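Encoded as structure tokens, the structure appears first; notes follow it.
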């Protein structure tokens, strides 16, 4: 062994030669994932399973809005014609036998048959007049739209004259008609004149229409929530919607009979589809969300809220169909406000202002 001290120095460790920059960047490019495209993302389900489904109003809309096919109409018309023909022949034979056997009873039967014929003709005449009145309101709507589009003062004055004549036989609107007649001469703009006519004649009618919609929405919501039978709530909702639509026509100047009321309901449903109002808009989102929260407590109560909201939307469509003028200065009703006020009436605090 040597006694010389061991010297400590730096230790050199030889490493491999570094690779070129191109060689180092190549693997990084190979392992880098491709850029994500939003279009490649999986679709999100539009339907929330927690939201209640308005089955009752879906059935009502399907019953009223779906027009029968040509074969169905031919079957119904031919069946009604055959039944009427056979019934008339049977009645004539019966009256003829009575005249031969018991002349007094036979003449009583002839008188009753004549009265029934007059009543049927009167019903047909009333239906014709009711539908003619609807056609008159529809013509006023078209002329008002043309006056606004052309900014024509002459067309606006003609529309104002038609409105004054439409509500001539309603004594409760005599003061409103007088105010419009006295102030219309001071207006020289078509839109201003139609706005004045809307404010004087239709503002109070709009309040009555809103109250009818609130009552119908309350009825449908209550029927859906409390009636356990499957078709009973559909019948109640159908009756409430038909009554509401007929009341809209009566409020704004039309009179709907049995056949006219059903045709008016189909017109309202067609208007809903044409304007896209069947989709959930901003005025329906809060109500649907509230129905979804309430459905966690009770499914039937959640469906009742949503069915009431859809009934309110049908009522707004009926207002637009039956109203002689479009909404100009008066605010268009919103589903959320109508449903809130309607359901508030369940607890005895329904406001009439």
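Points worth noting:
- Extreme residue, nearest to the chain's Cα centre (by Cα), among residues of the range 111-132 that are exposed (fewer than 13 other Cβ atoms within 10 Å of the Cβ) and over 30 Å from residue 265 (Cα atoms): 115
- The lone exception for residue 53 - which of (1) outside any helix (DSSP H, G or I); (2) at pLDDT 60 or above it fails: (2)
Residues are listed down the side, and each one gets a yes or a no for (1) out of contact with any helix residue (DSSP H, G or I) (no Cβ under 7 Å at 6 or more places or on another chain); (2) without any contact (Cβ under 8 Å) to a residue 12 or more places away in the chain; (3) surrounded by 20 or more Cβ atoms within 10 Å (Cβ to Cβ); (4) farther than 30 Å from residue 342 by Cα:
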| residue | (1), (2), (3), (4) |
| --- | --- |
| 148 | no, no, no, yes |
| 159 | no, no, yes, yes |
| 162 | no, no, no, yes |
| 168 | yes, yes, no, yes |
| 171 | yes, yes, no, no |
| 176 | no, no, yes, no |
| 183 | no, no, no, yes |
| 194 | no, no, yes, yes |
| 208 | no, no, no, no |
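- Residue 225 vs. criteria at pLDDT below 85 and more than 18 Å from residue 330 (Cα to Cα): yes
- For the range 142-158, the criterion of a residue being at positive phi and outside any helix (DSSP H, G or I) is satisfied by at least one position.
- Residue 37 more than 30 Å from residue 219 (Cα to Cα) and at pLDDT 85 or above: no
- Unique residue being touching a residue at least 60 places away in the same chain (Cβ under 8 Å) and either surrounded by 19 or more Cβ atoms within 10 Å (Cβ to Cβ) or in contact with a strand residue (DSSP E or B) (Cβ under 8 Å, 6 or more places away or on another chain) (or both) when the list is 200, 212: 212
- Where a residue in the range 329-353 is exposed (fewer than 10 other Cβ atoms within 10 Å of the Cβ) and its partner, wherever it lies, is modelled with pLDDT of 80 or more and in a helix (DSSP H, G or I), with Cβ under 8 Å and at least six apart: 351/341; 352/211
Condition check ((1) more than 30 Å from residue 198 (Cα to Cα); (2) surrounded by fewer than 21 Cβ atoms within 10 Å (Cβ to Cβ); (3) modelled with pLDDT of 65 or more; (4) touching a strand residue (DSSP E or B) at 6+ places or on another chain (Cβ under 8 Å)) across all residues:
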{"residue": "217", "(1), (2), (3), (4)": "no, no, yes, no"}
{"residue": "264", "(1), (2), (3), (4)": "no, no, yes, no"}
{"residue": "273", "(1), (2), (3), (4)": "no, yes, no, no"}
{"residue": "304", "(1), (2), (3), (4)": "yes, no, yes, no"}
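The values are calculated or read from the model by the stated rules, or taken from the named source; none is laboratory data. Note that the structure is a prediction, hence the values are computed from the model and not measured. Positions of Cβ are backbone-derived with ideal geometry, glycine not excepted, and every protein chain shown enters the neighbour counts.
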